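S.K.: One structure follows; several queries about it will come next.
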Amino acid sequence: MKYARLLFANLFRKKIRLSLSLLSFFAALLLFGVLAAVKAAFSAGIDVAGVDRLVVINRVSLIQPIPISYADQIQQIQGVKYVTHSNWFGGIYQDPKNFFPQFAIDVDTFRKVFPEFVVPDAQWQKFLQDREGAVVGAKLAERFGFKVGDRVPIQGTIFPGTWEFNIDAIYKGKDGNQDESQFWFQYAYFKERGPERVKSTVGWYTVRVDNPDNAPRIAKTIDGQFANSPYETKTDTEKGFATGFAKQIGNIGALIFIVGSVVFFTLLLVTANTMAISVRERTSELAVLKAVGFSDMTVLWFVMAESLIIAVVGGAAGLLVSMALTAGLSKSAALASVLPIIAIPFSSLGVGAILAFAVGIVSGLMPAYSAMRLRVVDALRRV
Amino acid sequence: MVRVDGSGTSSLIQVRGLDKKYSRGGEEIHVLQGLNLDVDQGDFVAFMGPSGSGKTTLLNLLGGLDVPTAGSITVAGDAITSMSRGALTTWRARHVGFVFQMYNLIPVLTAFQNVELPLLLTSLSKSERRKHVETALGVVGLSDRMQHFPRQLSGGQEQRVTIARAIVSDPTFLLCDEPTGDLDRKSADEIMHLVLTLVKDYKKTVLMVTHDPVVAEKADITLHLDKGALVESGKLAGAMAGGAR
Ligand SMILES: Nc1ncnc2c1ncn2[C@@H]1O[C@H](COP(=O)(O)OP(=O)(O)OP(=O)(O)O)[C@@H](O)[C@H]1O
Ligand SMILES: [Mg+2]
């Protein structure tokens, strides 16, 4: 393009100004890229938590039991790390108002599947030795004043009789995001005292998989394995785990959105101002171009192109560096434990590119328009 | 043959009843009032007159940079006063070479690139453009300054580059608004020598505004702007007696 030389000559007219303009786009898009990566990492965190575990229930309904024999078969499936099973007890402590969930758990596998629940080892050992033992959550213990050593009667509803338990341990959530109001006791005791029909069944299985990416496949395999049997299963990711986070992530998203908006708005003002100054400075030159025969439209595009080139070059550099930066960060092991996946999603790269382009257009619009409207006679008279 | 009485019939530039009014703060200034002018191919006309008499206004109208309040301008058969803004721009590129008093050159372009500007609007190839630019810079005697930027040139040299740009596309006529106004005597004389060469050797048509009687003296005829119209100075008779200078 034969106008290119004029275009670039104008661009490089003030090198410091050019550098600063490029730098503002660079910085804005760098920030945008990093924020996009952080946001993606947080939402990826949710997904990972949600799909790390699968819950296997009876296809008919949650309250229908499934055979205990499934445990071994599920364990055989490729990608399954641990399987544990639970039963809903549904008892009452003193008064039906005092609701809290009680589960009969498989003590051998439970902690491998739910590592986020922390029980002091000594207490856990005591629990293992005690057939009538129970582990209660810290919140639950606080609510009813349970202490280790207490003997607590639970009135059965589904399973008749008053069941007495010894509080052997109190568990806590790893980071305060876990449910600390559960009551666990040994499946062995449940099986021993419960009716005949529960002796060979469990309420549901919770499966921990080696790689969240494989979860959908494993879920399908499990259900496929028990299809057409008297106890068909329905396997799903443990969504409940994720929903607790959802709100917080929403807030982070909103914050990132606000910061990003402010940055781009500022960028728009700064660039528009710079372009306006740069055009005003060369009013007489634009007038000469027009006198020589350059059309109003050509002059408009000259100004527009300048603004766009700055936006695209600066913006692209910012995005590229943010990609490199996040790629480097994702290699850091310390960070990976907090935010497992760090990469800018392609869609965000696209949005960033479009934003930079749009800011380039909008900020060039006013100066380009006034350059187009400029009348040669006025411009040359006033200088 | 230059006339100011509107009697010309087949002149290159024909101006009839030209009126230009400006309104400024409610007050109306009638700058040009029924101005007539005929200029033939190869004429060299100097316009003089006190400041504010409308010399620049007239030149802008002749160059299609502005439109009159009334009257008509016809150049080589084209009625430019009835052209649209866009059509005028195209017409300017083909027919007019401008030389202003100052701010003529783009500071970020070299002399070569400045002269090349009008050619970018043509369909000439790169090598053809180069040939034309080199020729034009040769005519103004700046073949050795092609890669210089305006700030590396003297005022006189800058005006010569401007003249090279004005002639590079071989326009129908040149409009010069005080081209020597910013120059010292010596540079002004050099520029005038160059303009005379263009008129004599290259048969260019030149219309020039000047405050300088020495400069005006070189023209075929000097016209004075007086009360919005042109008046011949007594020089016309002498110029005709002495033949073309
Ligand atoms: N755009 C405009 N708006 C209002 N008045 C104008 C405008 N352009 C020119 N004038 C007025 O018209 C008159 C003629 O101006 P012009 O520039 O043609 O004079 P000039 O003969 O070229 O003067 P000088 O010798 O100082 O260059 C002046 O009074 C000027 O103030
Ligand atoms: Mg003037």
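S.K.: Kindly identify segment B:19-111 as rounded, prolate or oblate by the Cα gyration tensor criterion: order the square roots of the eigenvalues as a ≥ b ≥ c, call it rounded if a/c is under 1.5, otherwise compare a/b with b/c, prolate if a/b is larger, else oblate.
M.R.: rounded
S.K.: Continuing with the same structure: Can you tell me which of A:Ser284, A:Ser322, A:Ser363 moves the most in a GNM of chain A? Springs connect C-alpha atoms under 10 Å apart.
M.R.: In this elastic network of chain A, the residue with the biggest mean-square fluctuation among A:Ser284, A:Ser322, A:Ser363 is A:Ser284.
S.K.: Projecting each Cα onto the charge dipole of the protein assembly as shown (Lys/Arg +1, Asp/Glu -1 at the beta carbon, about the Cα centre), which of B:Thr57, A:Leu355, A:Ala305 comes out farthest on the positive side?
M.R.: The Cα lying farthest towards the positive end belongs to B:Thr57.
S.K.: Size of the dipole of chain A about the Cα centre, Lys and Arg at +1 and Asp and Glu at -1 on the beta carbon, nothing else charged, in debye to 20?
M.R.: It comes to approximately 2040 debye.
S.K.: Take the alpha carbon gyration tensor of segment A:85-151, find the square roots of its eigenvalues, order them as a ≥ b ≥ c, and report rounded if a/c is under 1.5; if not, report prolate when a/b exceeds b/c, else oblate.
M.R.: Prolate, because a/c is 1.5 or more and a/b exceeds b/c.
S.K.: List the lysines whose Cα sits under 16 Å from the Cα of A:Lys199, skipping any in the same chain fewer than 8 residues away.
M.R.: A:Lys191
S.K.: Next question. Roughly how tilted is helix B:111-120, in degrees to the nearest 10 and between 0 and 90, from the longest Cα axis of chain B?
M.R.: 60 degrees
S.K.: So, one more: Work out the FRET efficiency for A:Phe346 and B:Arg185 from their Cβ-Cβ distance, taking R0 = 60 Å, and round it to the nearest 0.05.
M.R.: On the way: r = 70 Å, r/R0 = 1.16.
After rounding to 0.05, the efficiency reads 0.30.
S.K.: Quick one: grab the alpha carbon gyration tensor of chain A, order the square roots of its eigenvalues as a ≥ b ≥ c, and give me rounded if a/c is under 1.5, else prolate or oblate depending on whether a/b is larger than b/c.
M.R.: Prolate, since a/c reaches 1.5 and a/b exceeds b/c.
S.K.: Could you tell me the relative contact order of segment A:105-174? Use alpha-carbon pairs under 8 Å, at least six residues apart, and round to a whole percent. All intermediate terms of the calculation are to be shown ahead of the outcome.
M.R.: Working: 94 pairs, mean separation 29.3, N = 70.
Result for segment A:105-174 is 42 percent.
S.K.: Identify all aspartates and glutamates with a Cα-Cα distance to A:Lys139 below 20 Å; exclude those on the same chain that are fewer than 8 residues away in sequence.
M.R.: Candidates past the 8-residue exclusion: A:Asp95, A:Glu116, A:Asp121, A:Asp150, A:Asp168, A:Asp175, A:Asp179, A:Glu180.
S.K.: Taking only complete DSSP H runs, can you tell me which helices of chain A stretch 27 Å or more along their own long axis by Cα positions and average at least -1.0 on the Kyte-Doolittle scale?
M.R.: Those that clear 27 Å and a mean of -1.0 are A:15-51, A:239-281, A:296-329, A:346-373.
S.K.: If each DSSP helix of 4+ residues adds -39,500 (n - 2.57) and the sum is divided by the residues in chain A, what number results at 222 nm, nearest 500 deg cm²/dmol?
M.R.: Dividing the helical sum by the residues of chain A leaves -19000 deg cm²/dmol.
S.K.: Work out the charge dipole of the protein assembly as shown with +1 on the Cβ of Lys and Arg and -1 on the Cβ of Asp and Glu about the Cα centre, then indicate which of B:Val133, A:Pro345, A:Thr283 is farthest towards its positive end.
M.R.: Value computed over the given set: B:Val133.
S.K.: What FRET efficiency comes out for the pair A:Leu23/A:Arg217, r = Cβ-Cβ distance, R0 = 56 Å, nearest 0.05? Working shown, then result.
M.R.: Values: r = 47 Å, r/R0 = 0.84.
Approximately 0.75, to the nearest 0.05.
S.K.: Setting aside same-chain residues fewer than 8 positions from B:Lys126, which lysines have a Cα under 24 Å from its Cα?
M.R.: A:Lys2, A:Lys290
S.K.: Now, a different point. How much FRET efficiency would the formula 1/(1 + (r/R0)^6) give for B:His211 and B:Arg94, where r is the Cβ-Cβ distance and R0 is 30 Å, rounded to 0.05?
M.R.: So, using R0 = 30 Å, E works out to roughly 0.50.
S.K.: Related question: Would you mind calculating the relative contact order of chain A from Cα pairs under 8 angstrom and at least 6 residues apart, reporting the percent as a whole number?
M.R.: On the way: 612 pairs, mean separation 109.3, N = 383.
Rounded, it is 29 percent for chain A.
S.K.: Let me ask you something else. With Cβ to Cβ distances under 12 Å as the rule, what net charge do the other residues near A:Asn273 carry (K, R +1; D, E -1)?
M.R.: Charge balance near A:Asn273 sits at +2.
S.K.: Okay, moving on. Given an 8 Å cut-off on Cα distances and at least 6 residues of separation, report the relative contact order of segment A:60-231 as a percent.
M.R.: 35 percent
S.K.: Another one. By the scheme Lys and Arg +1, Asp and Glu -1, what is the net charge of all other residues having a beta-carbon under 10 Å from that of B:Gly156?
M.R.: That works out to -3.
S.K.: Report the gain in length on full extension from A:Val321 to A:Thr266: 0.36 nm times residue separation, minus Cα-Cα distance, nm rounded to one decimal. Each step should come with its number before you reach the end.
M.R.: Numbers: separation 55, 0.36 × 55 = 19.80 nm, distance 2.10 nm.
Once the chain is fully extended between A:Val321 and A:Thr266, it gains 17.7 nm.
S.K.: Treating only the Cβ of Lys, Arg, Asp and Glu as charged (+1, +1, -1, -1), what charge dipole size does segment B:13-239 show about its Cα centre? Round to the nearest 20 debye.
M.R.: Here the size comes out at about 560 debye.
S.K.: Only bridges with both residues in segment A:60-231 count here: give the DSSP antiparallel percent, nearest 5. Walk me through the intermediate numbers first.
M.R.: Numbers: 22 of 31 bridges.
That works out to approximately 70 percent antiparallel.
S.K.: A further question on this structure: Beyond a 30 Å Cα-Cα separation, which of these cross-linked pairs lie in this structure: A:Lys147/A:Lys234; B:Lys55/B:Lys203; A:Lys39/A:Lys234?
M.R.: Numbers: A:Lys147/A:Lys234 38 Å; B:Lys55/B:Lys203 24 Å; A:Lys39/A:Lys234 32 Å.
From A:Lys147/A:Lys234; B:Lys55/B:Lys203; A:Lys39/A:Lys234, over 30 Å: A:Lys147/A:Lys234; A:Lys39/A:Lys234.
S.K.: Shifting gears a bit: Quickly estimate the mean residue ellipticity at 222 nm for chain B, helices only: each DSSP H run with n ≥ 4 gives -39500 (n - 2.57), and the total goes over all residues, rounded to 500.
M.R.: When only DSSP H runs of four or more count, the value is -10500 deg cm²/dmol.
S.K.: On a full-extension model of 0.36 nm per residue, what is the gain between A:Asn228 and A:Gln75, subtracting their alpha-carbon distance, rounded to one decimal in nm? Kindly include the intermediate steps, with their values, before the conclusion.
M.R.: Values: separation 153, 0.36 × 153 = 55.08 nm, distance 1.98 nm.
Roughly 53.1 nm would be gained on extension.
S.K.: Counting Lys and Arg as +1 and Asp and Glu as -1, each charge on the Cβ, what is the dipole of segment A:60-231 about the Cα centre in debye, to the nearest 20?
M.R.: Its charge dipole is roughly 120 debye.
S.K.: Then there's this: Please give the residues of segment B:7-22, grouped as numeric ranges, whose backbone N is less than 19 Å from a label point set 7 Å along the Cα-to-Cβ vector of B:Ala79.
M.R.: Answer for segment B:7-22: B:7-20.
Every number in this text was worked out from the coordinates using simple rules, so none of it is lab data. Just so it is clear, the model here is predicted, and its values are computed rather than measured. Note: ideal-geometry Cβ built from the backbone for every residue, glycine included; neighbour counts use all protein chains shown.
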